[in-house]
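To start, the structure itself, in structure tokens.
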Amino acid sequence: MTRLARDPLYRRHQFPAEVIAHAVWLYFRFPLSLRMVEDILAARGIIVSHQTVRLWAEKFGRHFANDVRRRSAGKLRDKWHFD
């Protein structure tokens, strides 16, 4: 059982936490529309509507952003290196 599956934020949802997290990640990480995320998930055999993806993005978007910010803390520096 993964950390996401035990998270109470994902409790009482029809889809597993990993599917929800992947959909929200796709929506916020890449310049994709809700319908494009719906199509990507459908290609993997996961049938959800674009409205469901929108609701997930509204509910879990802040949690996702905080998690990314927490993981990147201390890794960002003021120095820039050019190749």
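Run Trp80 past the list (1) assigned to a helix (DSSP H, G or I); (2) at pLDDT below 90 and report the number of the one that doesn't hold.
So the condition that Trp80 fails would be (1).
Conditions first: (1) outside any helix (DSSP H, G or I); (2) at pLDDT 95 or above. Arg35 passes all but one, so which condition is the exception?
Every listed condition holds for Arg35 apart from (1).
Scanning for something modelled with pLDDT of 80 or more and buried (at least 16 other Cβ atoms within 10 Å of the Cβ), does the range 59-68 turn up at least one residue?
Yes, there is a match, as at least one residue in the range 59-68 is modelled with pLDDT of 80 or more and buried (at least 16 other Cβ atoms within 10 Å of the Cβ).
The values are calculated or read from the model by the stated rules, or taken from the named source; none is laboratory data. What you are looking at is a predicted structure, and each value in this text was computed from that prediction instead of being measured. Note that each Cβ is placed from the backbone with ideal geometry, even for glycine, and that neighbours are counted across all protein chains shown.
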